[in-house]
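Asks: Have a look at this one before I ask anything.
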Amino acid sequence: MHPAGLPASLAAVDRTLVMGVVNVTPDSFSDGGRYLDARAAIEHGISLHARGADLVDVGGESTRPGAVRVESAEELDRVLPVIIGLVAAGVPVSVDTMRADTAARAVEAGACIVNDVSGGLADPQMYRTVAGLHVPYVAMHWRGHSDRMADLTDYDDVLTDVCAELSSRASHAEAAGIAPDRIILDPGLGFAKEADHNWALLRGLSELQTLGFPLLVGASRKRFLGALLAGDDGVARPVDGRDMATDAITALAAAIGVWAVRVHDVNGSADAVRVAQAWTEGRDPRDSEATRA
Ligand code: PMM
């Protein structure tokens, strides 16, 4: 179930991984502005790890709908000190970037996974660069930058189309030299998707799994959960009230064996993953044969 090239500590985990989020940005929808200071970001990442995140995803560019791009130098200034600090503290780190140069510098600083929300479409150098880095690569489903993704939501059938587009990304990545067993796919919930597109993709996760790659799912606190949980007045549930719905998605996704979930509040998801594991195995996974005998 794991991709090749993971650090041994992660490869040894036999359940869905929990990826905690640290956005070093002023404007991410959930935690924007809270961890712009490197020290605060590092402390937050360490705390996520202590509370159950198997790894921490560090990003320096907001992808919220409508967001404008940051310069490459600014992105590097934001993420590198945080990656260095987290790696020094023993926290496994992935870097959330669409830029090949940032990916390379982040891996040099100790990041062990490249998480590219553009699936290689934003930077023509990304695949070749990652091929030379020998780390796992997350290719997320993406159709265009945040300032125009709301206009890119036409699908004949969202599940069929996302499967085909992700499959094409994987083929291009392989053709550029990324080993197929290092590729992870992600349906890109909320990216060029309307609310029901996200639900259709979640219902169809098993079909996405038939593509043969580990899956990462990032539903945490997203707008479609706010809409689902809107009150009778139609007002969306605020971001800070969406964690239990996120945890429910984690449990359901873990029960069908997705590789990892990307979440802001790790406590609930860490519990949900353990519940899903016990549920699917029909026993407490920590009970060894000897204990039960
Ligand atoms: N979502 C966001 C950012 N990065 N990466 C992956 N692989 N999958 C996602 O769904 C994803 C991502 C946007 O959420 P945020 O602003 O809370 O980080």
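Asks: Would you mind stating whether Arg69 is closer than 18 Å to Arg262 by Cβ, out of contact with any strand residue (DSSP E or B) (no Cβ under 8 Å at 6 or more places or on another chain) and part of a loop (DSSP other than H, G, I, E, B)?
Replies: The answer is no for Arg69.
Asks: Look at the stretch 182-215 and say how many of its residues are of a type in the set (Lys, Arg) and more than 12 Å from the ligand (Cβ to nearest atom).
Replies: The qualifying residues number 2.
Asks: Consider only pairs whose beta carbons are under 6 Å apart and that are at least six residues apart or on different chains; among these, list those whose first residue lies in the stretch 197-216 and is of a type in the set (Gly, Ala, Ser) and whose second residue is more than 16 Å from the ligand (Cβ to nearest atom).
Replies: Ala200/Leu159; Gly204/Leu159; Ser206/Ile256
Asks: With outside any loop (DSSP other than H, G, I, E, B), open to solvent by less than 70 Å² (accessible area, probe 1.4 Å), under 26 Å from Thr280 (Cβ atoms) and without any contact (Cβ under 8 Å) to a residue 60 or more places away in the chain as the only criterion, which of His49, His44 stands out? Step through it out loud before you land on a result.
Replies: On the way: His44 fails: under 26 Å from Thr280 (Cβ atoms).
Checking each option against the conditions leaves just His49.
Asks: One residue is enough: does the stretch 76-94 have a residue meeting the conditions within 16 Å of the chain's Cα centre (by Cα) and of a type in the set (Gly, Ala, Ser)?
Replies: Yes, the conditions are met somewhere in the stretch 76-94.
Asks: Moving to a separate point now. I'm trying to understand the selection: among the residues of the stretch 258-277, which are open to solvent by 30 Å² or more (accessible area, probe 1.4 Å) and either at pLDDT below 95 or within 19 Å of His2 (Cα to Cα) (or both)?
Replies: The answer is Arg262, Arg274.
Asks: When only residues in the stretch 19-37 that are open to solvent by 30 Å² or more (accessible area, probe 1.4 Å) and in contact (Cβ under 8 Å) with a residue 40 or more places away in the chain count, which is farthest from Val258 (Cα to Cα)?
Replies: Leu36
Asks: Here is a further query. Do you know which residues across the stretch 20-40 are within 18 Å of Asn267 (Cα to Cα) and more than 8 Å from the ligand (Cβ to nearest atom)?
Replies: Gly20, Val22
Asks: Count, please, the residues in the stretch 159-168 that happen to be surrounded by fewer than 22 Cβ atoms within 10 Å (Cβ to Cβ) and either under 18 Å from Phe224 (Cα atoms) or in contact (Cβ under 8 Å) with a residue 24 or more places away in the chain (or both).
Replies: Residues that pass the stated criteria total 4.
Asks: Only one of (1) at pLDDT 95 or above; (2) open to solvent by 50 Å² or more (accessible area, probe 1.4 Å) is not met by Thr16, so which one is it?
Replies: Failed condition: (2).
One line per residue, one yes/no per condition, for (1) in contact with a helix residue (DSSP H, G or I) (Cβ under 7 Å, 6 or more places away or on another chain); (2) within 13 Å of the ligand (Cβ to nearest atom):
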residue	(1), (2)
Phe224	yes, yes
Gly231	no, no
Gly234	no, no
Ala248	no, no
Ala255	yes, no
Val263	yes, yes
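Asks: Which pairs turn up if I take residues in the stretch 137-154 that are near the ligand (Cβ under 9 Å from one of its atoms) and look for partners that are polar (S, T, N, Q) and open to solvent by less than 50 Å² (accessible area, probe 1.4 Å) with beta carbon separation below 7 Å, at least 6 apart in sequence or on another chain?
Replies: So the pair list comes out as Val138/Asn115.
Asks: Among the numbered conditions (1) open to solvent by 40 Å² or more (accessible area, probe 1.4 Å); (2) more than 16 Å from the ligand (Cβ to nearest atom); (3) touching a helix residue (DSSP H, G or I) at 6+ places or on another chain (Cβ under 9 Å), tell me where Gly66 comes up short.
Replies: (2)
The values are calculated or read from the model by the stated rules, or taken from the named source; none is laboratory data. Here the structure is a predicted model, which means the values were calculated and not measured. With ideal geometry, Cβ positions are generated from the backbone for all residues, glycine too; neighbour counts draw on all protein chains shown. To get the accessible areas, we keep the full protein, side chains included, count just its heavy atoms, and leave off ligands, DNA and RNA. Shrake-Rupley method; radii C 1.70, N 1.55, O 1.52, S 1.80 Å.
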